[in-house]
Structures are given as C-alpha cells and as structure tokens.
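Take a look at the structure below.
Here, each number is a calculation from the coordinates, and none is a lab measurement. No experiment lies behind these values; they were computed from the predicted model shown. Here the Cβ positions follow ideal geometry from the backbone for every residue, glycine too, while neighbour counts run over all protein chains shown.
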Amino acid sequence: MSNLDSLDKIVSLAKARGFIFQSSEIYGGLSAVYDYGPLGVELKRNIRNAWWKEMTQRHNNIVGVDAAIFMHPKVWEASGHVGGFNDPMIDDKQSKKRYRADMLIEQYIMKLEKDGKADKATEIQELLDTSGTRKSLTEDLYDIIIENEIRSPDSGAFDWTEVRQFNLMFKTQFGATSSEEDGVYLRPETAQGIFVNYKNVLDTSRVGVPFGIAQTGKAFRNEVVARQFVFRMREFEQMEMQYFVEPGTDAEAYDAWKEKRISWHKRIGIREENLRFADHPQDKLAHYALAAVDVQYQFPIGWQEVEGIHNRSDFDLTQHQEFSGKKLDYFDQKAGKRYVPYVIETSIGLDRCTLMVLCDSYREEEVDGDKRVVLKMHPELAPIQVGVFPLIKKGPLQEIARKIEADLREDYSVQYDEAGSIGKRYRRLDEAGTPFCVTVDFDTIEQDQKVTIRHRDDMSQVRVDIDKVGDVIRDGMKNWKAE
Ligand code: ATP
C-alpha cells in the first residue's frame, strides 16, 4: 500500500526541500511544467544513471544514442503521430474547460460504482469499450456523454461542444521564414530518434541482431488533462530502449524484457507489493503494437502506468523505409537471410519514476512524541548520500569533520552541516533521504578517534574508526534493503 492518501504531502515536501518547483512560479506558474531543484536534479540524475547502467553497462549488446529533439517532419508522418496521436476532447461551453471525453466517462463510471449502481456502470463501461464501432469514435463518446447527462466536473453544467480529436504534438517554426513546410514538431517520444539512427548504429558499431539502442531525453506532449504534478507533464523526460530481434523471436524477447524491467524496479528499492503488470487487451493496443503491457505502480492516485513494454513488430522500420525510400532491412550473415527486425520497446518516464521513488520512500513516523518525515529510498538514489557534522562549531571538531567530508566527496555526494541542534540536522537530512550521517564529537578527539555513523532507516548509531568510515558506508550502500 502507498503510505499516502494523496499527492499533496509529496508536492509540498518537494517544494519545501528543493526537489521540484512549478515552472516560472514567480509569474504564476506554467501549467503541467516543472523545474527540478538542487535535490530533485540529483535524485533524477541518479535514477537516470541507474537505468543507463542497467541497460548499457549490464548488456554487451545494447548501445546508446542521443538524438536531437527536432526531427524531420516526415518522421512524424511515418510514425503515425501526425495522423493518429490524438485524444478525443470535449469542451464545457460555460467554463471553457476542456476534458478528455473517455476520461470523463470513466470518472462517471467510477461514481456510479461508488453509489452502488454497478449494473449501470457495467452497461456504460461496455459502451465505452466498444466506442468507435457504432458511428465514429468521437460520435460514440459524445452519445454516451449526452445520453447519460454527464455533467462538467468543475462547473456542473451540461453544455458540451462536440467531441473532437486533438493532436498532442507541439509544432513550432524552424528557420527564419515561416512557411508551412518549415514547421517542425517537438518530439512526443524519443523512440523515433532511435529508429532513424538504427542503420547508422548497425554500420558503425560491433552489434548485430539481436541488439538494443538506449536513449534518455526530453519529450513533449500537449496533454490536456495535466493536473497530477509530475505524473503528467507537457515537457517530460523518457528513458527508452528499442531491442531489435529476428521476427519469430519477438514473443520470447518481449517476455524476457517484461521480467528484466520489473526486476529493475524492485532493485532500485520499490516495494514489490506496489508494483504490478497490466496487460493491454488486444483491442486497445496502439496502432504500432502487437502486444503491450504496463508496469504499474500503486500511486496515492491509484494504480498507474510508470513504464510500457511493447512489441512494436516491424511497424516503425517498415514505415521509415517507405517514407524515406532507404532500405532498413538487416542481413543475417550466419543464417544467410534478410529481414526487417522486430522491435521490443521498454519506455519509462523519468519524472514519473522520480515521483514513484518519492511516494514509495515517504514515511511518517512518531519518534519521542515528534513526527519524523523520512524518505527511505535506495542509498544509490539519494541526492545527498552522507551528512557530515561536527557536534558543535568548535575548531578541532570542524577540522576533522571537514577532512572526513573531503575524503568522502571523492565517492559520494556529501553535505557538511554545522547549523542547529544535531537532532534538527538529522531530521533535515531524513527529509532529503540521506542514508548516513557521520558525527564528530568530543570523544573523537579526546578518546577514541572514532565517529558516530547514524543510519537513516532505523536511526541506529555505531561508533566507527575514522579511517573505516568509507568502508562502513560502502557496505551500507551495497546491503541496503527496502522496508
Ligand atoms: P499515459 O497512458 O499515462 O498517457 P502513454 O501510454 O501515453 O501514457 P507512453 O507513450 O507509453 O505513455 O510513454 C512511455 C512512458 O512515458 C509512460 O509510461 C510514462 O512513464 C511516460 N509519460 C508519458 N506521457 C507522460 C507525461 N505526459 N508526463 C510524464 N510522463 C509521461
């Protein structure tokens, strides 16, 4: 179970401690766009590094690329995004607010279920599931909303426009002149940068099918329903890997990647009971997919997708072959045959993953009558891994603490802190998710040349020789287990 009943506490902690801020806050903010502060940028980078290491360093047949955000506009025609990357939207004429028509219906179904009207809920769910089979998708959704008198969630009005398809891609001008042909899109996914470079990678690296290409980078979607903090943003970061396989071996590779990916989530410290797979039913697959499954996390807002694993078949390479006129097939020398590889894709949102780590690690505990807020995240992900404190601001204590700080900085992100009581300093770093604090006290200089290492999760303390501090921290990092 989640430790939280809403995202509110995470949103305020994120702001108060410098993990995540609203973009352009001093101007009133920009909706669904967020900036990462000093702690957030480290946490996000550590998650990105953990993913990159998992995908590239741990696999001898996966290499990386870093493709540009701008791509030739034809890419998005070939990928199907110009024609098909749409959400069905409906506007409340009174409040002028826009909603995703299918989500409006889903909310209505949830309300019916809550009110004990299960039969009605099932009936509407069936209508929703078969939308697009009676008239068109937009007309079918419109009919459900009108026939059931579904009202606007904000204004309560029943004054709707028709349902229209709304393309999620941002378009901008390229170059000095502004003709229609100069228009380019901000990429809505990083995957296409991999497909268009697939041949370059094959020709220049020592890889052959099966092999993978990994990439992390920004993606942009003009999301209409974007009200859940960094869960759904208009500018976000993706970490994607496309694995090219021989057709016929794709189902096996798909199953293998499913298992590898969910194990990674557990390895970065996410509790098993908060993770699950959710298969996409065949009739709800994206236009490119033969099979698709989500890795879902139990957020305070319910079970939601964090990562998608897709069997994209040869859809993308075949499309790019057709639109570019360039051959994108593969010659398998051993087998002496030519084919267009199938692609298994793993696609995870870095921001959503950061939110998952924050939610999963958040704990409120009672300690000596006080509330302790602590982020019990994997030590490798912690933005500050070690805190170093002199017990009080006294020269000899400071000197030793500064020396320990400098030594540890070679391997860890360290914060030196001498302000306030020791208890306050521990609490500050508990909220930042810092797994270890090292305190230099009078005994250190007067008696034993030892310091106290305090562990974040159980608040236990051990006395350790100064020259053993690095070893104890290294072991603690390695042997950490999620509670
Ligand atoms: P959703 O159904 O939530 O809109 P999606 O199925 O469109 O997601 P994909 O296109 O499969 O998502 O993208 C892969 C991953 O990118 C998602 O699992 C998610 O983690 C992340 N992602 C997608 N859209 C957003 C967004 N607007 N903000 C933050 N992360 C996103």
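So what's the net charge close to residue 382: Lys and Arg +1, Asp and Glu -1, counting the other residues with Cβ under 13 Å from its Cβ? Mind dumping the intermediate values first?
On the way: positive: 17, 44, 45, 376, 456; negative: 42, 380, 430, 431, 457.
Summing Lys and Arg as +1 and Asp and Glu as -1 gives 0.
On full extension of the chain, what length is gained from residue 154 through residue 457, given 0.36 nm per residue of separation minus the C-alpha to C-alpha distance?
Details: separation 303, 0.36 × 303 = 109.08 nm, distance 4.21 nm.
Length gained between residue 154 and residue 457: 104.9 nm.
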TODO: Can you work out the PRE-style zone for residue 393? Point 7 Å along Cα to Cβ, and I want the residues of the range 432-452 with backbone N under 19 Å.
DONE: 439-442
Open item on the list: Taking the Cα centre as origin and putting +1 on Lys and Arg beta-carbons and -1 on Asp and Glu beta-carbons, what dipole magnitude results for the chain, to the nearest 20 debye?
Closed with: 1000 debye
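Which three numbers, in whole Å and largest first, are the semi-axes of the equivalent ellipsoid of the range 215-353 derived from its Cα gyration tensor as √(5λ)? Write out the running numbers ahead of the final one.
On the way: eigenvalues 177, 69, 35 Å².
Gyration-tensor ellipsoid for the range 215-353: 30, 19, 13 Å.
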Task: Shape call, the range 86-167: gyration tensor on alpha carbons, a/c limit 1.5 - done: oblate
Open item on the list: Whole percent per 10 Å bin, from 0 to the bin with the longest distance: what is P(r) over all C-alpha pairs of the chain?
Closed with: 4, 16, 24, 24, 17, 10, 4, 1, 0
Open item on the list: Taking the Cα centroid of the range 105-131 and of the range 316-353, what is the distance between the two, rounded to the nearest whole Å?
Closed with: 40 Å
Task: Rough spin-label spacing in nm, given labels placed 7 Å along Cα→Cβ, for residue 136 and residue 324 - done: 3.3 nm
Task: For the range 73-99 and the range 425-469, distance of Cα centres in Å - done: 54 Å
TODO: Find how much the distance from residue 474 to residue 424 grows on full extension, using 0.36 nm per residue of separation minus their present alpha carbon separation; answer in nm with one decimal.
DONE: 15.5 nm
- [ ] State whether the range 384-478 is rounded, prolate or oblate according to the following rule on the C-alpha gyration tensor (a ≥ b ≥ c being the square roots of its eigenvalues): a/c under 1.5 gives rounded; otherwise a/b larger than b/c gives prolate, and the remaining case gives oblate.
- [x] rounded
Open item on the list: As a quick test, which of the pairs 117/371; 44/258; 218/376 have an alpha carbon distance above 30 angstrom in this structure?
Closed with: 117/371
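Taking a ≥ b ≥ c as the square roots of the eigenvalues of the Cα gyration tensor of the range 221-273, is the shape rounded (a/c under 1.5), prolate (a/b larger than b/c) or oblate? All intermediate terms of the calculation are to be shown ahead of the outcome.
Values: a/c = 3.11, a/b = 1.51, b/c = 2.05.
Verdict is oblate for the range 221-273.
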TODO: Note the full-extension length gain between residue 173 and residue 272 as 0.36 nm times their separation in residues minus their Cα-Cα distance, in nm to one decimal.
DONE: 31.1 nm
Task: Point-to-point label distance, residue 72-residue 110, nm (Cα→Cβ direction, 7 Å offset) - done: 4.3 nm
